[in-house]
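The values are calculated or read from the model by the stated rules, or taken from the named source; none is laboratory data. As the structure is a prediction and not an experimental result, all values here were calculated from the model. For neighbour counting, all protein chains shown are included, and Cβ atoms are generated from backbone atoms with ideal geometry for every residue, glycine included.
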């Protein structure tokens, strides 16, 4: 397989590849807003046409929500499932955009050329790197290497309600040796990465109720229980003075990281002071004795994401509220069981309630962490291929966020995922003026060509 010819073709194709990406970006495929249903459908049709133009047997599949796009090619060699999502986030607040978010542009910036518009980095620009690598491969060799199944969904940005049923109903068709997911970032602009650990996510809402109505703090202050004080005590007790979470059994299933992996992380070009300083902070606030990267990638968390109660309007109102509420999230690692943690959290809260107070809980999702075994030879083949394209060797890293699709592929389709993306920390995902570095698009495409050759060697 002549890789050099494929890489040269990718270089030659960049103007056309950029035009194709801009065309896809012009489709406002916002999955969360029913007003854009037709645009999501149009984006699915666009992908079907692109895949069919490459000789791939592709079709649009209906679901209870937005359609899936599935394509197949090849009948021998390693079987790869490539996943991406064509839906995008809403653009609000629109007044903070420098131009129309669905009229994408290529801009010259102080740090290099970027493609600006909604969906550039999440996830249209990312998955188009793979499609363009396939295009160049097909133009040079006449066919694609190995067996490839393509799966694009249109609901990732609204929690993928149709995805699990679709995977279950089509498991035999979609099962492959492993999956490739292009929805992550590089470690930095010079260092590509394969994400091997994704934290799970557990969301809990709670409302503490006390008196049957708001009370005058002059008449009742001191004599009546204040739900805000009760809630504050509960929240304060969730961590000890070393930053560890106090819920019984919380750390069951939390692994210690192998020393070799921690050493690899320590060798990365990462400055905790700069990382925190960029957001106006100076000191790490997590577990004592853990590095910032270890806390971000390999340790579980408990965070209050919202808290409210009483009077919060302008001016002042001396009131004892009848209720106080909070939303709390847990990022999970290893084999932590989100349902067991939910039960233990609720038991701890109930045990701290004083007389005359009650609690109501609401759940906001529960997904376990995903950890990939790098023992599969595909991981090291891909890592070496990435290292050949970028200035610095590729690293195995963790991801502080949660990408449930990797867990679904493992649990439903029985396969691990290689999470390889080319995003950057400053891409402004989900925010106004989202962008994707042109180098990410160009060298990301070249990277996939290298990976395809390595996986089929």
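Some points to look at:
- The numbered conditions (1) touching a helix residue (DSSP H, G or I) at 6+ places or on another chain (Cβ under 9 Å); (2) assigned to a loop (DSSP other than H, G, I, E, B); (3) surrounded by 15 or more Cβ atoms within 10 Å (Cβ to Cβ) are all true for residue 386 except (2).
- Some residue of the range 341-350 being part of a helix (DSSP H, G or I) and assigned by TED's automatic domain parsing to the domain that holds residue 167: no
- Flag if residue 6 is in a helix (DSSP H, G or I), in contact with a helix residue (DSSP H, G or I) (Cβ under 8 Å, 6 or more places away or on another chain) and buried (at least 18 other Cβ atoms within 10 Å of the Cβ): yes
- Filter result (in a loop (DSSP other than H, G, I, E, B) and within 23 Å of the chain's Cα centre (by Cα)) within the range 252-270: 253, 254, 255, 257, 268, 269, 270
- From the options 293, 281, residue that is under 30 Å from residue 366 (Cβ atoms), outside the structural domain of residue 361 (by TED's automatic domain parsing) and part of a helix (DSSP H, G or I): 293
- Residue count, the range 371-383 (criterion: exposed (fewer than 13 other Cβ atoms within 10 Å of the Cβ) and in contact with a strand residue (DSSP E or B) (Cβ under 9 Å, 6 or more places away or on another chain)): 1
- Selection within the range 179-205 - crowded, with 16+ Cβ neighbours inside 10 Å and outside any strand (DSSP E or B): 182, 183, 184, 186, 187, 189, 192, 199
- Looking only at residues in the range 249-264 that are surrounded by 14 or more Cβ atoms within 10 Å (Cβ to Cβ) and farther than 18 Å from residue 370 by Cβ, the one that is modelled with the lowest pLDDT is 264.
- Residue within the range 43-66 that is surrounded by fewer than 14 Cβ atoms within 10 Å (Cβ to Cβ) and modelled with pLDDT under 95 present: no
- Total residues in the range 85-102 satisfying the condition of being in a loop (DSSP other than H, G, I, E, B) and farther than 19 Å from residue 17 by Cβ: the figure is 12.
- Single condition residue 208 does not satisfy, out of (1) within 24 Å of residue 351 (Cα to Cα); (2) out of contact with any strand residue (DSSP E or B) (no Cβ under 7 Å at 6 or more places or on another chain); (3) surrounded by 12 or more Cβ atoms within 10 Å (Cβ to Cβ): (2)
- For residue 76, the criteria (1) surrounded by 23 or more Cβ atoms within 10 Å (Cβ to Cβ); (2) modelled with pLDDT under 95 hold in every case but one, which is (1).
- Taken over the range 392-406, the criterion of being surrounded by 17 or more Cβ atoms within 10 Å (Cβ to Cβ) and at pLDDT below 90 is satisfied by 399, 402, 403, 404.
- Taking (1) surrounded by 17 or more Cβ atoms within 10 Å (Cβ to Cβ); (2) modelled with pLDDT under 95 in turn, residue 323 satisfies each apart from (2).
- Every test in (1) touching a residue at least 60 places away in the same chain (Cβ under 8 Å); (2) under 26 Å from residue 160 (Cβ atoms) is passed by residue 48 save one, and that test is (1).
- Residue match in the range 361-370 (condition: touching a residue at least 40 places away in the same chain (Cβ under 8 Å), under 29 Å from residue 446 (Cβ atoms) and either assigned by TED's automatic domain parsing to the domain that holds residue 7 or touching a strand residue (DSSP E or B) at 6+ places or on another chain (Cβ under 6 Å) (or both)): yes
- Options 176, 136: the member that is in contact with a helix residue (DSSP H, G or I) (Cβ under 8 Å, 6 or more places away or on another chain) and not in a loop (DSSP other than H, G, I, E, B): 136
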